[in-house]
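The values are calculated or read from the model by the stated rules, or taken from the named source; none is laboratory data. What you see is a predicted model; the values in this text were computed from it and never measured. Neighbour counts are summed over all protein chains in view; Cβ atoms, including those assigned to glycine, are modelled from backbone coordinates with ideal geometry.
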Amino acid sequence: MIYQILFPMKQIHYLFKKSTNKSLLFILAILLLASSCSLDKLVQKKNKISLAKAPYDVIIIPGYPYKAPSNQELFTVRVHWAKALYDRGIAKNIIFSGDAVHTPYTEGAAMKLFAISLGIPAEHIFEETKALHTNQNIVKGKALAKQLGFQKIAFATDPYQFSYMVPLMNFYAPGTPLISFPTDSMAFFIKPLPEIDLKSSFVQNWTDKTE
């Protein structure tokens, strides 16, 4: 599903090669491209408002499982997106939010370690390590930001999560900005992360918290 939204042209090309029903695939292609364009318009609309209010004291990045069984690129994308927000002066500080939900690595802690390795000063990165899903990323992430004394708070994520996070933000954190980027920029953020020691983020005797 993620690739169908974020990488429609790649998916469409593959389907056209494999299928003989070209008429049906043509319709599918139109729908996928329309979905991508619609999402980009929503991102552009939200960003125009949110970026005008930058810089933020802190931007909260929802976690994603490290070494997830699928769509591992989203972990990489969110870490590099956080680095871009810091480098561009949009975020003065970063909070990574997430427990060890689907894999033995605590998401907030692992993302922090990678962000430090990319050059964000450790004193400007914080971790929230109890959130089990997006709703809690919002609630617990913002609670930590306030606890740390930050006043100007925003959230940021990839376009896929953005697509379903907007209504959640309206419910759990109304008025708090949410920042993303166009779907065609995904490839820019899918860059290799350095090899680092993640022992401090690894949970011994871990169990899947979704079960």
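The residues on offer are L193, L148, and the sole one that is surrounded by fewer than 18 Cβ atoms within 10 Å (Cβ to Cβ), modelled with pLDDT of 95 or more and more than 17 Å from A68 (Cβ to Cβ) is L148.
The listed residues are T176, T210, and the only one of them that is assigned to a loop (DSSP other than H, G, I, E, B) and not assigned by TED's automatic domain parsing to the domain that holds I95 turns out to be T210.
Residue by residue, here is whether (1) at pLDDT 95 or above; (2) farther than 17 Å from W206 by Cβ; (3) over 17 Å from the mean Cα position of the chain (by Cα) holds:
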{"position": "A109", "(1), (2), (3)": "yes, no, no"}
{"position": "A115", "(1), (2), (3)": "yes, yes, no"}
{"position": "T134", "(1), (2), (3)": "yes, yes, no"}
{"position": "I138", "(1), (2), (3)": "yes, yes, no"}
{"position": "G141", "(1), (2), (3)": "yes, yes, no"}
{"position": "L144", "(1), (2), (3)": "yes, yes, yes"}
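When restricted to residues that are closer than 18 Å to K130 by Cβ and not in a strand (DSSP E or B), region 179-203 contains 3.
If you go through region 86-112 and pick out every residue that is part of a helix (DSSP H, G or I), out of contact with any Asp or Glu (no Cβ under 6 Å at 6 or more places or on another chain) and either surrounded by fewer than 24 Cβ atoms within 10 Å (Cβ to Cβ) or not assigned by TED's automatic domain parsing to the domain that holds P159 (or both), you end up with 2.
Going by the structure shown, is V139 surrounded by fewer than 21 Cβ atoms within 10 Å (Cβ to Cβ), assigned to a helix (DSSP H, G or I) and not acidic (D, E)? In short, yes.
Conditions (1) in a strand (DSSP E or B); (2) farther than 18 Å from N137 by Cα; (3) among the small types (G, A, S); (4) touching a residue at least 24 places away in the same chain (Cβ under 8 Å), marked per residue:
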| residue | (1), (2), (3), (4) |
| --- | --- |
| S50 | no, yes, yes, yes |
| I61 | yes, no, no, yes |
| F75 | no, no, no, yes |
| R78 | no, no, no, yes |
| K83 | no, yes, no, yes |
| I120 | no, yes, no, yes |
